[in-house]
1. Is it the case, given these coordinates, that Asp60 is over 22 Å from Leu122 (Cβ atoms), at pLDDT 95 or above and not basic (Lys, Arg)?
2. For residues in segment 182-206 being open to solvent by 10 Å² or more (accessible area, probe 1.4 Å) and of a type in the set (S, T, N, Q), which is nearest to Arg147 (Cα to Cα)?
3. Of the numbered conditions (1) at pLDDT 95 or above; (2) open to solvent by 40 Å² or more (accessible area, probe 1.4 Å), Thr27 satisfies every one except a single condition; which is it?
4. Could you list all residues from segment 165-178 that are open to solvent by 50 Å² or more (accessible area, probe 1.4 Å) and more than 16 Å from Gly133 (Cα to Cα)?
5. Out of Val148, Val102, report the one residue that is more than 21 Å from Leu51 (Cα to Cα) and modelled with pLDDT of 95 or more.
6. Tally time: how many residues in segment 148-191 are farther than 15 Å from Cys118 by Cβ, assigned to a loop (DSSP other than H, G, I, E, B) and among the acidic types (Asp, Glu)?
7. Hey, any hits in segment 199-218 for a residue that's over 16 Å from Tyr154 (Cα atoms), modelled with pLDDT under 50 and of a type in the set (Ser, Thr, Tyr)?
8. What are the residues in segment 47-56 that are of a type in the set (Lys, Arg) and either open to solvent by 80 Å² or more (accessible area, probe 1.4 Å) or more than 14 Å from Leu122 (Cα to Cα) (or both), if any?
Amino acid sequence: MKHILTAALILIAVAASGLADEPKAATVAAEWNPRVLFITSKDCARCETELSRLRRAGGDFEKMQGQGWKIGAGADSHLQIVDREAIAELVEKLGVREYPTVACVSEGEIVRSFKSGCTTPLDAWTFGFLAKGIDERPPGSVSEATRVETTGHYPLRGNHWSIDEDWNPTREKVVSHLRGPTHGHQILKNYEIERWSYEELRSLHDNLHEREMGGVSYSGRSAPASDPFGAGRKLSGR
């Protein structure tokens, strides 16, 4: 019996030793919220063109990283570059249909988004707006060419806020929201917004939203001291 007990104790000790020698499971990186998503799709020529421009030496990504941005494929990045297939459930939930889609997401919801062709270039200043909700682009910046429908009634901008948690609202919803109790009193009497183009309506809403909210920050939590998007630190696009 003594020999049997000794053998059992030896086996337990060996097993415990083996478990101790096993590599520890990799710690899962915490998801950064809010973060900017750059959602790509395979065989998307425009995705490759935009990323090549942003990644070039001395380009926007390099400048942003110099300001503390973490840019990568993981959800712990400030700017996450990810293929749609890697986040299929989120893409389906958000109803993403255009690539690349560039937007700020927080807790699985898009709060701000970018639309190309509306005079606002996709650059460090745009990524800064998406992350913080504050436009710090300096006056006199070079605009991109207009490629969307416009009637000339209102200046366009490509940085958009969601409307009632809808980042891609219909034209009817935008008009209804602008005429509603939140913004109705802010609309000038000579603004016949029902005749404006969709992007003009979105641009008006964005400007009214920022004027009303006074440059709202993302979410209610305070930013950590190391957060490159903190109120005390501006993103330099130069």
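The values are calculated or read from the model by the stated rules, or taken from the named source; none is laboratory data. All values derive from a computational prediction rather than experimental measurement. Note that we place each Cβ from the backbone using ideal geometry, even for glycine, and neighbour counts take in every protein chain shown. Just so you know, the surface numbers come from the protein's heavy atoms only, side chains and all, with ligands and any DNA or RNA stripped out. Shrake-Rupley method; radii C 1.70, N 1.55, O 1.52, S 1.80 Å.
1. no
2. Checked segment 182-206; the qualifying residue nearest to Arg147 (Cα to Cα) is Asn190.
3. Thr27 satisfies every listed condition except (1).
4. Asn168, Thr170, Arg171, Glu172, Lys173, Ser176
5. Answer to the check: Val148.
6. Total satisfying the criteria: 2.
7. Yes: one or more hits.
8. Once the filter is applied, which keeps residues that are of a type in the set (Lys, Arg) and either open to solvent by 80 Å² or more (accessible area, probe 1.4 Å) or more than 14 Å from Leu122 (Cα to Cα) (or both), segment 47-56 yields Arg55, Arg56.
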